[in-house]
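To start, the structure itself, in structure tokens.
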Amino acid sequence: MAETLAYIQRKSLIHDLTGATKFLFFIMWSVAAMITYDTRILLALFAIGIFLFSISKLKWKEVRFALIFMFVLMGFNMIGVYLFGPEQGVEIYGTRHELFVIAGPYAVTLEQLFYMFNFLMKYLSVIPIALLFIMATNPSEFASSLNKIGVSYRIGYAVALALRYIPDIQRDYHNISKAQQARGIDLSRKDKFFDRLKNSAAILFPLVLSSLQRIEVISNAMELRGFGKNKKRTWIVERKFKKDDYRALVFGALILVISIIVTFSDGNRFYNPFL
């Protein structure tokens, strides 16, 4: 059974970086993408993100389900952006090049299309790095790295448990789904959509109960072992920062600085090709 958004061990430059390096790089990368609406910066971030994903030796088919889910959410988000602000691009860029009218106030303009394209690119530029952070980072090593840069080990351990919990939920879901289908509950595409949706409740309830049970078991085990009693702790998978870690952090900081400088060089966050 293939797991989605779970740690996949590979031998690559990305995997060799410490968890703290990937976390800080992801934060800087996300800030660089969020603050700008400059198309040139967003396209550059997207291209670099694709390149970094390719050298990680992860395969796109391993993240296919996550990508489909993200694209569906982005589709709904783009529809919402247009429905609640069909003239947002016109207001931002100060010009109007109308292509055609749909109905009432809803018209398609080049400015709105360009604004929505930049909005989409903000997502696409972050997705490859987010997938790398999740799928190329060992949860235990990530917790130790966070602790090393000053984050409380309690917080680091909570984050590690959350990352480890993703594949556990997937395994439980598939096991419960197969068990319910063996009892005659049809979840295949042959059944009607609303019937499948109703039958999915037979999976959701046992999944919630099993999740709560696992939480109780883990919390009891940690309490019995005195977790959180001391201010410091040791780590089995702790790793020291290497030259590649410092290079990655410098590269991330450089991207952030360039994004800020280019974005605000003319006093406006939006790159305007219509002037």
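The values are calculated or read from the model by the stated rules, or taken from the named source; none is laboratory data. What you are looking at is a predicted structure, and each value in this text was computed from that prediction instead of being measured. Virtual Cβ from ideal backbone geometry, glycine too; neighbours counted across all protein chains shown. Side chains included, ligands, DNA and RNA excluded: accessible areas come from the protein's heavy atoms. Shrake-Rupley method; radii C 1.70, N 1.55, O 1.52, S 1.80 Å.
When ligands, DNA and RNA are left out and all protein chains stay put, how many square angstrom of accessible area per residue does the chain have with a 1.4 Å probe?
60
Set the Förster radius R0 to 45 Å, insert the Cβ-Cβ distance between Phe65 and Ala107 as r into 1/(1 + (r/R0)^6), and round the FRET efficiency to 0.05.
Efficiency at R0 = 45 Å is approximately 0.80.
Let me have the 222 nm mean residue ellipticity of the chain computed from DSSP H runs of 4+ only, each contributing -39500 (n - 2.57), with the sum over all residues rounded to the nearest 500.
-22500 deg cm²/dmol
Any idea what % of Cα-Cα pairs in the chain are farther than 23 Å?
For the chain, the share of Cα pairs beyond 23 Å comes to 66 percent.
Order of 129-141, 171-183, 145-157 by packing, highest average Cβ count within 10 Å first?
Going from most to least packed, we get 129-141, 145-157, 171-183.
Let me make sure I get this right: for segment 73-195, a, b and c are the square roots of the gyration tensor eigenvalues over alpha carbons, sorted descending. Under 1.5 in a/c it's rounded, otherwise prolate if a/b > b/c, else oblate. Which is it?
Cα axes put segment 73-195 in the oblate bin.
Once you sort the root eigenvalues of the Cα gyration tensor of segment 7-127 as a ≥ b ≥ c, which label holds: rounded (a/c under 1.5), prolate (a/b larger than b/c) or oblate (the other case)?
prolate
Keeping the other protein chains in place, figure out the carbon and sulfur percent of the accessible area of the chain, with a 1.4 Å probe.
That share works out to 66 percent.
Run the numbers for Val250 and Asn175: contour at 0.36 nm per residue of separation, minus the present Cα-Cα distance, in nm.
22.6 nm
Find the relative contact order for segment 143-275 and round it to a whole percent, using C-alpha pairs within less than 8 Å whose residues are 6+ positions apart.
24
Picking from Ile258, Ile41, Ile185, which is most flexible by a Gaussian network model of the chain using Cα springs under 10 Å?
Of Ile258, Ile41, Ile185, the Gaussian network model singles out Ile185 as fluctuating most.
Note down the relative contact order for the chain as a percent, whole number, built from C-alpha pairs under 8 angstrom at least six residues apart.
Relative contact order here is 34 percent.
Could you work out how far apart the two model spin labels at Ser210 and Phe51 are, taking each label as a point 7 Å from the Cα in the direction of the beta carbon, and quote it in nm?
For Ser210 paired with Phe51, the spin-label model returns 4.3 nm.
Please state the relative contact order of segment 1-83 as a whole percent: Cα pairs under 8 Å, 6+ residues apart?
RCO, segment 1-83: 51 percent.
Which order do you get for Phe142, Phe241 if you rank them by accessible area with a 1.4 Å probe, largest at the top?
The most accessible residue leads, giving Phe241, Phe142.
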